[in-house]
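First comes the structure, then the notes that go with it.
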Amino acid sequence: MSGFDFDAPIRANAENRALVCAHRGVSGGNVPCNTLAGFAGALAQGADMIELDVTKSLDGTHYVFHPGMERAQLHARRLISLMRDAAVRRLRYVNQDDTKTQFGVERLDETLDFLKGKCYINVDKFWMDIPGITAVIRRTGVEKQVVVKTELKERYLRPLRECAADLMFLPIVRDRDDVTKRLLSEGIRCIGAEVLFEDEAAPVASEAYISRMHDDGLLVFVNAIVYNYKAVLSAGHNDDVSVAGDPDAGWGWLLDRGFDIIQTDWCAMLRDYMRRRTV
């Protein structure tokens, strides 16, 4: 079980060190991402937060899966959003050797039940069905653990205001953040921002911006992940650089800047690096 006090502000739990967010749990060998096995592995490796993706079947059931990855991860010809539940239940992930595994696609409600009380939960693709996903979050009783996020589009913010304003929320911003204070003034429980930047000189990558956010009791979430090397999320200070032998230039740079939550595909290595920095 987590040592976090989920009744306390998340900022209090990130006061002494950066929180490690496991991107889709952990995966490798025969264990796929976005599965209970992958989430259990992330918890065993010290993840403070687990990021997961959500999609929805034709029958209206919410599943934990990154939409658009059906062909690559399941050898499926159709999107889950175009399948009935019976077809989704027959699907099996393939492993890193492109061989079918025993792991099926997890339901969102069962996944939230599994993670209840264990860590923070970062729900990606929340904008896909804000009312429906919010209902599952409330039904499973994990409101205090869940952090939701969307891009800043009115078609997403409107349902957020209407049915999920009390959930911890991170707007996704690129290069410049002009929105967090406005969202707070609108009654949205904005706890900070998820920032994307290609250049170290971007305002959201500056120590001054991060310091101002901290002064306001807000967090800054950064991505060390590399899902496509052409899509630069943190000015090259990423998992690839860190794992390849220069963690000071990767994770170390992000930690030195003062980022509060680092999303990674390498939880154990990042946690070990953070421990060694404090010795």
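How many of the residues in the range 147-158 are in contact with a strand residue (DSSP E or B) (Cβ under 9 Å, 6 or more places away or on another chain) and in a helix (DSSP H, G or I)? Residues that pass the stated criteria total 2. Checking each residue in the range 261-279 for being outside any helix (DSSP H, G or I) and not aromatic (Phe, Trp, Tyr) picks out ILE261, ILE262, GLN263, THR264, ASP265, VAL279. Only residues that are in contact (Cβ under 8 Å) with a residue 12 or more places away in the chain and either surrounded by fewer than 16 Cβ atoms within 10 Å (Cβ to Cβ) or assigned to a loop (DSSP other than H, G, I, E, B) (or both): list them for the range 136-146, please. Those that are in contact (Cβ under 8 Å) with a residue 12 or more places away in the chain and either surrounded by fewer than 16 Cβ atoms within 10 Å (Cβ to Cβ) or assigned to a loop (DSSP other than H, G, I, E, B) (or both): ARG139, GLY141, VAL142, GLU143, LYS144, GLN145.
Among the listed residues LYS116, LYS149, which satisfies the condition of being farther than 18 Å from ILE80 by Cα, open to solvent by 10 Å² or more (accessible area, probe 1.4 Å) and either under 15 Å from the mean Cα position of the chain (by Cα) or basic (Lys, Arg) (or both)? Walk me through how you get there before you give the answer.
On the way: LYS149 fails: open to solvent by 10 Å² or more (accessible area, probe 1.4 Å).
When all the criteria are applied, what remains is LYS116.
Determine the pairs where a residue that is modelled with pLDDT under 95, located within the range 233-258, has a partner that is assigned to a helix (DSSP H, G or I) and open to solvent by 50 Å² or more (accessible area, probe 1.4 Å) with Cβ atoms under 8 Å apart, the partner being 6 or more residues away or on another chain. That search, which allows pairs on different chains as well, returns nothing. Among residues of the range 19-48 being among the aliphatic types (A, V, I, L, M) and surrounded by fewer than 23 Cβ atoms within 10 Å (Cβ to Cβ), the one that is nearest to ASP239 (Cα to Cα) is LEU19. Report whether or not MET69 is free of Cβ contacts under 8 Å to residues at least 12 places away in the same chain and surrounded by 15 or more Cβ atoms within 10 Å (Cβ to Cβ). Spelling it out, MET69 is indeed free of Cβ contacts under 8 Å to residues at least 12 places away in the same chain and surrounded by 15 or more Cβ atoms within 10 Å (Cβ to Cβ). Is there a residue being among the small types (Gly, Ala, Ser), under 20 Å from ARG277 (Cβ atoms) and open to solvent by less than 60 Å² (accessible area, probe 1.4 Å) anywhere in the range 178-199? No, the range 178-199 contains no residue that is among the small types (Gly, Ala, Ser), under 20 Å from ARG277 (Cβ atoms) and open to solvent by less than 60 Å² (accessible area, probe 1.4 Å). Screening the candidates THR140, THR150 for the property of being in contact with a Pro (Cβ under 9 Å, 6 or more places away or on another chain) and polar (S, T, N, Q) yields one hit, THR150. Hey, can you tell me all the residues within the range 49-59 that are open to solvent by less than 40 Å² (accessible area, probe 1.4 Å) and out of contact with any Phe, Trp or Tyr (no Cβ under 9 Å at 6 or more places or on another chain)? Hit for the range 49-59 is GLU51, nothing else. Within the range 200-233, if we keep just the residues that are hydroxyl-bearing (Ser, Thr, Tyr) and farther than 26 Å from HIS66 by Cα, the residue that is most open to solvent (accessible area, probe 1.4 Å) turns out to be SER211. Listed by position, the strands (runs of 3 or more DSSP E) enclosed by the range 1-119 that each have at least 3 residues that are modelled with pLDDT of 95 or more and not β-branched (Val, Ile, Thr) are 19-23, 49-56.
Quick grid of which residues meet (1) in contact with a helix residue (DSSP H, G or I) (Cβ under 7 Å, 6 or more places away or on another chain); (2) under 15 Å from TRP266 (Cα atoms); (3) of a type outside the set (Lys, Arg); (4) in contact (Cβ under 8 Å) with a residue 12 or more places away in the chain:
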| site | (1), (2), (3), (4) |
| --- | --- |
| ALA22 | yes, yes, yes, yes |
| VAL26 | yes, yes, yes, yes |
| THR35 | no, no, yes, yes |
| ILE50 | yes, yes, yes, yes |
| LEU58 | yes, no, yes, yes |
| VAL64 | yes, no, yes, yes |
| ARG84 | no, no, no, yes |
| TYR93 | yes, no, yes, yes |
| GLY104 | yes, no, yes, yes |
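Only one of the numbered conditions (1) free of Cβ contacts under 8 Å to residues at least 40 places away in the same chain; (2) in contact with a His (Cβ under 8 Å, 6 or more places away or on another chain) is not met by VAL204, and that is (2).
The values are calculated or read from the model by the stated rules, or taken from the named source; none is laboratory data. From a predicted model like this one, the values you see are computed outputs, not experimental measurements. With ideal geometry, Cβ positions are generated from the backbone for all residues, glycine too; neighbour counts draw on all protein chains shown. Please note that ligands, DNA and RNA were not included when accessible areas were found on the heavy atoms of the full protein model with its side chains. Shrake-Rupley method; radii C 1.70, N 1.55, O 1.52, S 1.80 Å.
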